[in-house]
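Notes follow the structure.
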Amino acid sequence: IADNNIRSVGKDTQGNIWLGTFKGLSILDSNSGLFDNYFHQVSQPYTISQNSVRCFFKDKQNGIWLGTFYGGVNYYHRNDIKFNLLSQNTGKLSLNDEVVSAISQDEKGNFWIGTNDKGLNYWDRKNNSISYYSSNERNANSLASNNIKAIAFDNRQQVLIGTHNGGLNILNPATGSVKRYLHNENDPNSIAGDLVYSVLKDHKGKIWVGTRSGLDQFDTEKGIFSHIHLDKAGKRLSSDDITYLFEDSKRRIWIGTTNGVTLLYPDNMLFGNTSKSQLNDDVITCITEDNHQRIWIGSREGLSLFDESSQTFITHRNRKDFITGTIYGIESDQEGNLWISSNRGLIRYNPSSKSVQTFNESDGLQNNQFNDYAFCKAKDGMLLYGGINGLSYFYPSNIKQQSLPLKVSFTGLEALGRMVNIGDETEILENPLDQTNKISIASDFKQFSVRFNAFNYISANRTHYLYMLDGVDENWQRTDDLKVVYNNLKAGKYHFKIKAVGPNGETSAVRSLEINALPPWYNTWWFYSLILIFVVVGGYVAYRMIAERVRALHQLKLERVDKEKVRYINQMKMDFFTNVSHELRTPLTLILAPLEEMINKPMAQKAVTKRHEMMLTNAKRLYNLVDQLFEFRKTETGTRRLKVERGDIVSFIHEVYESFKPLSDQKNIKYTYRSTQAKLSFFFDHDAMEKILFNLLSNAFKYTKNEDLINIDLSISEDHAIIKISDSGVGICQDDLAKIFERFYQVNNQEMNLGSGVGLAFTKRLVELHHGSITAESEIGRGSVFTVSIPTSDTAYGDFTKRDSPVYELSIVPEAISSNADQNAEQIPEDFESVKKDSLHKSHLLLVDDNQDILDYLREYFETDYLVTVAFDGLMALRMLEEQTFDLIVSDVMMPELDGLHFCKRVKQNINTSHIPVMLLTAKSEIDQQIKGLEMGADDYITKPFSIEMLAAKIANLLRARKRLKDYYSGTREVVPQNLAFNTLDEEFLKEAIDIVEKHLSDSDFSVEKFSREIGMSRSNLYLKFKAITGESATDFIKTIRFKKAVELMQSKRYTMAQVTYMCGFNSPSYFSTAFKQYYGCMPTEYLLKLDSGEG
């Protein structure tokens, strides 16, 4: 017995008595009556943690629990798996280094164990002792390196030792002497390299040495090495970096490298066809053959199997059950299992059942990390695996786990990371969870965990669990943890199921737990009922509201339809007046132009002249009405913008007042103008203000009888100018007074219904554009007062351009005023007649208009001074331009087929006609229309109705300007395209023409025919083009460029006169001198002297 002081007693299932003493544990064998004593040993694992054993307990699985004095609890079970250990700390039988790097068994059954840093260990199993062989720098007969990588035996049972950086060493066990074989660069028969990681003796006793520099065959008798890089067929190894050598039962040698594996047939020295395998990029660590003669290969990527039938490898990419990750060693047992050492423990893998069982440090292994080459299978079936903490050895038949009954128990429940206790604030548990079949979890606990345990202490690390939550998991889920967590489960009932799976595949009964996930309050039936009630009530209320709204919308729709009809009618009126106004402009032209022509001609009968003047005055009044309709349309569409200028409103109103004075005298009306200010200057639109005053005064004179009163009063109130126009006319009733400023509204009074209904509406819009206001006061029979208020502040027109204006001239002709007071603002040049007679010489005009009367009138007027051709649309005019030449084109804008704008564009874009001036006539007087016409290339733009004499003057001016330019060019003898051309197309034409002539300057045969071909025009069109632009022919143009270049060359004084002659395309110097004198009036040398003297 260990000690006489006994503190605990117990009995195991075999009837053995366990005695806990102060100094150790004693077990009495009931059969033999002998004691086995166990003590705490620091260097040995799995001994009792402390010698003073205080208590004993046997559990339901017949496991023994021992409590020690401050040494914790110790557990023992006779069926527990434990591996044997040989290390640096195993007492008398110990290794001299912790790290084991190679293991091999000799014919005597003893083991040679290589270490990483202490050399070679020899384990004599019969004497149960270990001896050591290590490197000694002072002893040449010792090991060359202590880092052992490979161990093998030759035919004389000498130990062949492969070392790291120490070459091949041969140890004689009898004498203990070592012979070293190192690489010698000067000796081709020396070993290929000093890194020897594999040594193999084949069935014929031949020694194969694998180094990191190549494969060698070693002749032990002669001590020389044969290097094998190529086989007899010239085929190479997959790599010279050899990691492992293995001979299988078919006498083939498998060569593992850092780039896959190569198969060698030693009898004929040929390599097999494994170079294109999936292992080409793998580092091979081990190769073995199982009982079924299958070749298994381990690498840094995982386990692979050689398929003999297809001569290919099956890897973990093809078989999901194959082990993946780094493999260090593989050995097979008698039951067909593969024992695989790795960096995560020792794995038992059965290829037939595909079962995998992993053993780790807790099972008694040296460590979870094993080493390359440190594995061995003994002759008696024992397996040895070395790692970083020694060597583990065992018999595979002893590593069997007894099947144990498993039962899963629920051990606890967590909610939001806190343990749930019985009766706590969560109100989930009323009894222990293991005794509960159903729980309800409120929606507040979105995360909860179920804890469980099978309490298998024998192999707890190899017991795992399968669980499933119906409605969430479709299949059983595996976990090695002792709890399962669920988050954010939807409301409903679930069944949680779990079972334990033991190390041999045995399973426990399925435990289930019903879990009722309660919905939040807003997802309950009573809440939905309440919502339904609210929806029904709300729907009814909404129905009533919508019904009322539909009725209101229907009423609004009817009103909107009525307003739309009114707006449509007004729009139709406006469009009608606008279209009529356009149409009136052409007839007005045929009225105004002949009348002006007749008035300007002296006539004997003054009565006829007076009637003509009256007709002209009324025609101009009609023009003013047409123009007012245009202006009103602009204000309605929002396109009318003010052009404010600073002016004196006192004098401005006085000018308007004076223009109506003759009318007041004619009707004998008392007409007065009073102002409280001598001068009042501010910004306003003079044209708009003129229309405002003329409309108001026109209405006053229209509805005021003879000998009545009309007054104009101007005053100032704060920052507004107040203009009042009052009369003592017929007056307006109160019902009509509120509507007189609406469009097209006319008072229902036969006496008053004399206008179009747009005058006052137009006036109001103009006043509002000035940010002002207009009001009206009237009584039937007593007259009316119209009051206009206009702001005088400079800030009132921040968005408009402001400028000081010169004196403004009135443009509107009052009704019934003598034509002598209304002369056209634009004066005709006095020398027009002389221009026609002296300058034009029957220029050819092309008149284009779709109105026959306009064409007849214009042709009759102009045919005395010009050649006139007419066309009725743009297409007809284009055809005429192809057949005839014209000096100027006058075209209407609005025409069928091809309008005037596009006709002008096509004329200006045609190189043959781009030089012809184009003048556009149109009824569209808007500024944007005029700008558009000028952008199309028009040279001038005249609006209808126009003055015939003004049109004639503009035509004369255009033709005279062209003629002056031609004359100037003829005199200067300079060709400057930007000065000669009136548009970019003609400018580009001249530049191209100059480039062509200068390109052929030295070619004396360069003629007009060649010139026309180069520029892409016919000879006649080229002639006409040059005549129209420069006034010269194409021949003269060529000559001008030649002479200009000749003068430049002569001025440079770098060339002789003969060189200049030929460089400028003249046939001979004599001809050049003659032509030069004809062109410049002097010989070339005289011309140079003039230039030098500054005469030019």
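Where a number appears in this text, it was derived from the coordinates with a stated rule and is not lab data. As the structure is a computational prediction, the values presented were derived from the model and not from experiment. Positions of Cβ are generated from backbone atoms using ideal geometry, with glycine treated the same way; all protein chains shown enter the neighbour counts.
Picking from THR411, GLY10, ILE130, whose Cα lies most toward the positive end of the charge dipole for the chain (charges on Cβ: Lys, Arg +1; Asp, Glu -1)?
GLY10
Tally Lys/Arg at +1 and Asp/Glu at -1 over every other residue whose Cβ is under 14 Å from the Cβ of ARG251; what's the total? Please report the intermediate quantities before stating the final value.
On the way: positive: LYS201, LYS204, LYS206, LYS250, ARG252; negative: ASP202, GLU247, ASP248, ASP267, GLU289.
Residues near ARG251 contribute 0 overall.
Net charge near PRO791, counting Lys/Arg +1 and Asp/Glu -1 over other residues with Cβ under 11 Å of its Cβ?
Values: positive: none; negative: GLU718, ASP719, ASP794.
The answer is -3.
With charges set only on the Cβ (+1 for Lys and Arg, -1 for Asp and Glu), what does the dipole of the chain come to about its Cα centre, in debye to the nearest 20? Write out the running numbers ahead of the final one.
Working: 125 positive and 138 negative charges, 696 e Å.
The dipole magnitude comes to about 3340 debye.
Rounded to the nearest 0.05, what FRET efficiency is calculated for GLU514 and ASN318 with R0 set to 60 Å and r the Cβ-Cβ distance? Each step should come with its number before you reach the end.
Values: r = 44 Å, r/R0 = 0.73.
Computed FRET efficiency for GLU514 and ASN318 comes out at 0.85.
Using packing as a proxy for protection, rank 48-61, 718-731, 539-552 so that the peptide with the highest average count of other Cβ atoms within 10 Å comes first.
Top of the packing list down: 718-731, 48-61, 539-552.
Restricting to Cα pairs below 8 Å that are 6+ residues apart, what does the relative contact order work out to for the range 6-78? Please round to a whole percent.
Working: 163 pairs, mean separation 17.3, N = 73.
Answer for the range 6-78 is 24 percent.
Treating cross-link reach as a plain straight distance, find the lysines whose alpha-carbon is under 21 Å from the alpha-carbon of LYS565, omitting any fewer than eight places away in the same chain.
LYS557, LYS573, LYS739
Projected area of the range 150-208, taken from the Cα convex hull and averaged over every viewing direction, in nm²? If you can, show how the numbers build up before the last one.
Numbers: hull surface 16.7 nm².
Average projection, Cα convex hull of the range 150-208: 4.2 nm².
Quick check: residue separation of LYS483 and LYS204 times 0.36 nm, minus the Cα distance between them. What number comes out in nm? Don't skip to the end; give the middle numbers.
On the way: separation 279, 0.36 × 279 = 100.44 nm, distance 6.00 nm.
Fully extending the segment from LYS483 to LYS204 adds 94.4 nm.
Could you check the simple spin-label distance between THR1035 and ALA233, using points 7 Å along Cα→Cβ, in nm with one decimal?
Result for the modelled spin labels: 9.6 nm.
Could the peptides 1008-1021, 323-336 be put in order, highest first, of the mean number of other beta-carbon atoms found within 10 Å of their residues? Walk me through the numbers on the way to the answer.
Details: 1008-1021: 14.9, 323-336: 18.8.
Going by the mean number of other Cβ atoms within 10 Å, highest first, we get 323-336, 1008-1021.
For the chain, what is the relative contact order in percent, using Cα pairs closer than 8 Å and at least 6 residues apart in sequence? Mind showing how you got there, number by number?
On the way: 2098 pairs, mean separation 48.7, N = 1096.
Here the relative contact order equals 4 percent.
For GLU935 and THR795, FRET efficiency with R0 = 45 Å and r from the beta-carbon atoms, rounded to 0.05?
Values: r = 35 Å, r/R0 = 0.79.
Result of the calculation: an efficiency of 0.80.
Taking 51 Å as R0, compute the FRET efficiency from the Cβ-Cβ separation of VAL73 and LYS126 and round it to 0.05. Let's see the in-between values first.
On the way: r = 39 Å, r/R0 = 0.77.
Result of the calculation: an efficiency of 0.80.
In the structure displayed, which of LYS620/LYS667; LYS842/LYS963; LYS691/LYS944 lie more than 18 Å apart, Cα to Cα? Walk me through the numbers on the way to the answer.
On the way: LYS620/LYS667 21 Å; LYS842/LYS963 13 Å; LYS691/LYS944 20 Å.
Cα-Cα > 18 Å for LYS620/LYS667; LYS691/LYS944; rest within.
Any chance you could run the full-extension gain for ASN343 through GLN402? It's 0.36 nm times the residue separation minus the Cα-Cα distance, nm to one decimal.
18.6 nm
Restrict the search to the range 326-422; then list the trypsin sites (Lys or Arg not before Pro) that DSSP places in a loop and that have at most 16 other Cβ atoms within 10 Å of their Cβ. Please list the in-between numbers first.
Numbers: sites: ARG344, ARG348, LYS354, LYS377, LYS379, LYS400, LYS407, ARG418; in loops: ARG344, LYS354, LYS379, LYS400, LYS407.
Qualifying residues, ordered by number: ARG344, LYS354, LYS379, LYS400, LYS407.
Describe numerically, in nm with one decimal, the distance between label points set 7 Å from Cα along Cα→Cβ at ILE6 and at ASN62.
Calculated label separation equals 2.3 nm.
Give, rounded to the nearest 20 debye, the magnitude of the charge dipole that the range 641-806 has about its Cα centre when Lys and Arg contribute +1 at Cβ and Asp and Glu contribute -1 at Cβ.
Numbers: 19 positive and 24 negative charges, 48 e Å.
The dipole of the range 641-806 has a size of about 240 debye.
Cross-chain or 8 or more residues apart, Cα under 24 Å: how many lysine pairs in the range 995-1088 fit that? Count them up, please.
Lysine pairs meeting both conditions in the range 995-1088 amount to 26.
How long is the gain from THR507 to SER249 if the chain were fully straight, where each residue apart is worth 0.36 nm and the alpha carbon distance is subtracted? Numbers along the way, then the final one.
Working: separation 258, 0.36 × 258 = 92.88 nm, distance 4.07 nm.
Taking THR507 through SER249 to full extension adds about 88.8 nm, to one decimal.
Taking a cut-off of 18 Å between Cα atoms, list the aspartates and glutamates near LYS499, but don't count ones fewer than 8 places away on the same chain.
Leaving aside aspartates and glutamates fewer than 8 places away in the same chain, those within reach of LYS499 are ASP434, ASP470, ASP473, GLU474, ASP480, ASP481, GLU514.
If you average 1/r across every pair of different Cα atoms in the range 834-923 and take the reciprocal, what Kirkwood value do you get, in Å? The partial results should precede the final answer.
Numbers: mean 1/r = 0.0758 Å⁻¹.
The answer is 13.2 Å.
I'd like to compare 432-439, 985-992: which one has the highest average count of other Cβ atoms within 10 Å, and what's the full order after that?
985-992, 432-439
According to a simple spin-label model (label point 7 Å from Cα along Cα-to-Cβ), what is the distance in nm between ASP106 and ARG300?
It works out to 3.5 nm between the two label points.
Would you mind working out the magnitude of the charge dipole of the range 409-523 relative to its Cα centre, with +1 at each Lys and Arg C-beta and -1 at each Asp and Glu C-beta, to the nearest 20 Debye?
Working: 12 positive and 14 negative charges, 55 e Å.
The dipole of the range 409-523 has a size of about 260 debye.
Beyond 19 Å between alpha-carbons counts as too far, so tell me which of LYS905/LYS932; LYS643/LYS702; LYS932/LYS991; LYS446/LYS483; LYS92/LYS400; LYS201/LYS377 fall in that bin. All intermediate terms of the calculation are to be shown ahead of the outcome.
Numbers: LYS905/LYS932 11 Å; LYS643/LYS702 30 Å; LYS932/LYS991 28 Å; LYS446/LYS483 16 Å; LYS92/LYS400 29 Å; LYS201/LYS377 16 Å.
Long pairs (Cα-Cα over 19 Å): LYS643/LYS702; LYS932/LYS991; LYS92/LYS400.
For the chain, list the DSSP H helices whose alpha carbon atoms reach 24 Å or more along the long axis and whose average Kyte-Doolittle value is 0.0 or above? Intermediate results must be reported in sequence, preceding the final value.
Details: long enough: 525-600 (102 Å, 0.20); 606-637 (47 Å, -0.76); 948-972 (36 Å, -0.28); 1034-1052 (28 Å, -0.04).
Those that clear 24 Å and a mean of 0.0 are 525-600.
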